[in-house]
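This report refers to the structure that appears directly beneath it.
The values are calculated or read from the model by the stated rules, or taken from the named source; none is laboratory data. Just so it is clear, the model here is predicted, and its values are computed rather than measured. Please note: Cβ atoms are built from the backbone with ideal geometry, for glycine as well, and neighbour counts cover all protein chains shown.
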Amino acid sequence: METAYTVRQYGHISEILAIIGYVIPTFILVVPTFYIAYISKSLNIPYYTTFIIIGSPYIGRFIGAYMYSRFKYLGTPFTVSMSALGLISAYMSFLDSVPIMIIMRFLIGVAFGISTSFAVEVAVRTRKQHIIGLTTGGWAIGWILAAMVSAILPYRYALVSGAVALPISALGMLLRKVSIGHVIASGFNFSLYGFLIYFLAFEPAFVLQIVPQIFGSQAFLESEIAYFLAVPAYMAFPVIAKRYGFKRSVYSIASISMVLSVFAFLFLNFYAAIVFTVFGLAVNAVIPGFLRDENLSPEKIGPSMNFSAINGFMVPTLIYLIGYVRMSAVTITVISMALLILISAMGQKAFSVSVRSETHKV
């Protein structure tokens with residue numbers, strides 16, 4: 001009889017791979033965000049076209065979440081996605097064609113969706129709240145790394161630095177015998193409830209893409225301070241939420257984010273923007289525990305998260321199409337957080353539709 005290997009048997013190895021599986025892809029994904037003005041000027045394109053380039057990976061994440069379900073063992077999607085991220089990032093350093101850049105960024109999104117679905121499933125299966133927090137905190141750590149690199153390297157060299165994912169991809173071999181949860185269970189599952197919760201909870205993180213424009217020269221300092229503070233918040237929030245209740249924590253964070261968005265975007269309060277960033281990012285460290293409390297299985301959480309990431313394309317694009325950037329940002333944030341509270345209160349039973357497909361082995 002074949003031995004069944006589990007994530008917890010690999011101890012710190014699986015925990016480290018979960019964190020890496022979120023940090024490095026985030027770094028590669030967000031690096032161009034710090035060069036928006038350069039991209040627009042060097043390619044002679046308007047800002048909204050630049051944001052299409054920047055935002056196209058969030059559509060790719062949707063596809064990546066589905067592709068993740070086609071793999072059998074955890075090590076394979078890690079190796080495949082990391083290899084793709086390293087190669088595409090290096091290749092993009094030579095590109096000047098807008099259509100090809102959009103396609104390549106889309107493919108980065110696909111790889112990001114695969115890698116982070118892996119990361120979240122592994123983190124949840126460790127059953128350790130601080131590991132879940134550190135893994136989802138990979139978004140903040142990746143942003144910090146991208147900001148540091150952008151302060152040192154020109155745009156094209158920053159893209160080349162993404163090739164670091166290539167040697168890291170070999171680490172996937174360490175989990176080559178551990179089956180993905182959906183293979184053990186019942187096939188690929190899509191949770192409508194999980195999708196909606198993540199779709200709304202991600203909004204504060206995605207609206208932060210407009211910070212460089214509205215805060216100007218202060219944006220870099222705001223991001224650095226906020227993202228550094230967000231890392232311990234990612235670890236602390238899920239631990240606190242487990243003690244006092246995940247649902248109550250979601251209500252509190254969403255309510256605070258609504259108030260802070262007014263001061264941050266309308267009144268351009270620097271300190272409010274920092275706290276908004278911390279809360280807007282760290283709420284996503286609470287969501288996996290909240291969804292587990294709602295009886296969503298670990299293999300549903302990662303794909304639901306990445307399906308919902310299409311909001312990362314929609315939010316900044318919608319803001320710039322509407323105009324009145326600051327007012328639009330506040331309005332969208334307040335509506336999203338209000339809906340997050342409402343849908344959280346309704347519970348999973350109100351959204352019991354689940355899309356399933358038979359398992360295909362890769």
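Checking Gly133 against (1) at pLDDT 90 or above; (2) in a helix (DSSP H, G or I), which single condition isn't satisfied?
Here Gly133 clears every test but (1).
Could you tell me whether the stretch 163-173 includes any residue that is modelled with pLDDT under 90 and not in a helix (DSSP H, G or I)? Show your work before the answer.
Within the stretch 163-173, the first condition is being modelled with pLDDT under 90, and the residues that meet it are 171-173.
Okay, now just the ones that are also not in a helix (DSSP H, G or I), so none.
There is no residue in the stretch 163-173 that is modelled with pLDDT under 90 and not in a helix (DSSP H, G or I).
Failed condition for Phe78, given (1) touching a Phe, Trp or Tyr at 6+ places or on another chain (Cβ under 7 Å); (2) without any contact (Cβ under 8 Å) to a residue 40 or more places away in the chain, with all others met?
For Phe78, the exception is condition (2).
If I ask for residues that are surrounded by fewer than 22 Cβ atoms within 10 Å (Cβ to Cβ) and closer than 25 Å to Gly113 by Cα, which ones from the stretch 333-349 would you list?
We begin by selecting, within the stretch 333-349, every residue surrounded by fewer than 22 Cβ atoms within 10 Å (Cβ to Cβ); these are 334-335, 338-339, 341-343, 345-349.
Leu339, Ile343, Gln348 - these are the residues of the stretch 333-349 that are surrounded by fewer than 22 Cβ atoms within 10 Å (Cβ to Cβ) and closer than 25 Å to Gly113 by Cα.
For Thr126, state whether it is in contact with an Asp or Glu (Cβ under 8 Å, 6 or more places away or on another chain) and either within 30 Å of Leu296 (Cα to Cα) or free of Cβ contacts under 8 Å to residues at least 24 places away in the same chain (or both).
Values: in contact with an Asp or Glu (Cβ under 8 Å, 6 or more places away or on another chain): yes; either within 30 Å of Leu296 (Cα to Cα) or free of Cβ contacts under 8 Å to residues at least 24 places away in the same chain (or both): yes.
When the stated conditions are applied, Thr126 passes them.
Test of understanding: among Leu208, Leu229, which residue is modelled with pLDDT of 90 or more, in a helix (DSSP H, G or I) and closer than 30 Å to Leu339 by Cα?
Values: Leu208 fails: modelled with pLDDT of 90 or more.
It is Leu229.
Give just the number: which of (1) touching a helix residue (DSSP H, G or I) at 6+ places or on another chain (Cβ under 7 Å); (2) assigned to a helix (DSSP H, G or I); (3) not polar (S, T, N, Q) does Leu95 not satisfy?
Of the numbered conditions (1) touching a helix residue (DSSP H, G or I) at 6+ places or on another chain (Cβ under 7 Å); (2) assigned to a helix (DSSP H, G or I); (3) not polar (S, T, N, Q), the odd one out for Leu95 is (2).
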